[in-house]
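Notes follow the structure.
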Amino acid sequence: QLVQSGGGLVQAGGSLNLSCSASQRTFSSYSMGWFRQAPGKEREFVAYITWNSDATYYADSVKGRFAISRDNAKNTVYLQMNSLKPEDTADYYCAAKYYRASYYPADYDYWGQGTQVTVSS
């Protein structure tokens, strides 16, 4: 089970931090991803971090502005979002995939409940 926190309303140029906590003891065996879905659009990849934190990968649209990290001792993954733009407005979801990371939503085993991020211009 993945439980998300964070999100909300922010002005363009502002920052938000999302958290996603896992209940499973084997969290450290899972690569973690963040995805987002804007109204009327398909869910899209934002970022992932591998199970052992040796690699991260970002969508071009967020590269240089967002940072994904994890703390396996706390079973938590984070998404720090800086320099937010109105086009970042969406529902954000964390997801867990056993072992290998992926940027395809269908590859993920578990999903958080989603949290809304709204960026005003």
Checking ILE68 against (1) closer than 15 Å to LEU2 by Cβ; (2) under 11 Å from the mean Cα position of the chain (by Cα); (3) without any contact (Cβ under 8 Å) to a residue 24 or more places away in the chain, the condition it does not meet: (3)
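Taking the range 18-40 as the search range and keeping residues that are within 15 Å of ARG100 (Cα to Cα) and out of contact with any strand residue (DSSP E or B) (no Cβ under 6 Å at 6 or more places or on another chain), which one is least open to solvent (accessible area, probe 1.4 Å)?
Keep residues of the range 18-40 that are within 15 Å of ARG100 (Cα to Cα), which gives 26-34.
Those still in the list that are out of contact with any strand residue (DSSP E or B) (no Cβ under 6 Å at 6 or more places or on another chain) too: 26-29.
Numbers: THR26: 72, PHE27: 1, SER28: 55, SER29: 41 Å².
Among those residues, the one meeting the criterion is PHE27.
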Any chance ASN72 is in contact with a Phe, Trp or Tyr (Cβ under 8 Å, 6 or more places away or on another chain), surrounded by 13 or more Cβ atoms within 10 Å (Cβ to Cβ) and more than 25 Å from GLY13 (Cβ to Cβ): yes
Test: residue in the range 5-17 that is closer than 19 Å to TYR103 by Cβ, in a strand (DSSP E or B) and open to solvent by less than 70 Å² (accessible area, probe 1.4 Å): no
Single unsatisfied condition, ARG43 versus (1) over 11 Å from the mean Cα position of the chain (by Cα); (2) of a type outside the set (A, V, I, L, M); (3) open to solvent by less than 30 Å² (accessible area, probe 1.4 Å): (3)
Hits in the range 80-101 - residues which are part of a loop (DSSP other than H, G, I, E, B), open to solvent by 10 Å² or more (accessible area, probe 1.4 Å) and either modelled with pLDDT of 95 or more or small (Gly, Ala, Ser) (or both): ASN82, SER83, LYS85, THR89, ALA101
Criterion: over 14 Å from the mean Cα position of the chain (by Cα), within 17 Å of SER5 (Cα to Cα) and in contact (Cβ under 8 Å) with a residue 24 or more places away in the chain - qualifying residue of SER29, SER23, SER83: SER23
Considering residues of the range 48-65 that are in a strand (DSSP E or B) and free of Cβ contacts under 8 Å to residues at least 40 places away in the same chain only, the residue surrounded by the most Cβ atoms within 10 Å (Cβ to Cβ): TYR58
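The values are calculated or read from the model by the stated rules, or taken from the named source; none is laboratory data. Worth saying up front: this structure is predicted, and the values here are computed from it rather than measured. FYI the Cβ positions are ideal-geometry reconstructions off the backbone, even for glycines, and counts take in every protein chain you see. Each accessible area value is taken on the protein alone, full model and side chains, heavy atoms only, with ligands, DNA and RNA left out. Shrake-Rupley method; radii C 1.70, N 1.55, O 1.52, S 1.80 Å.
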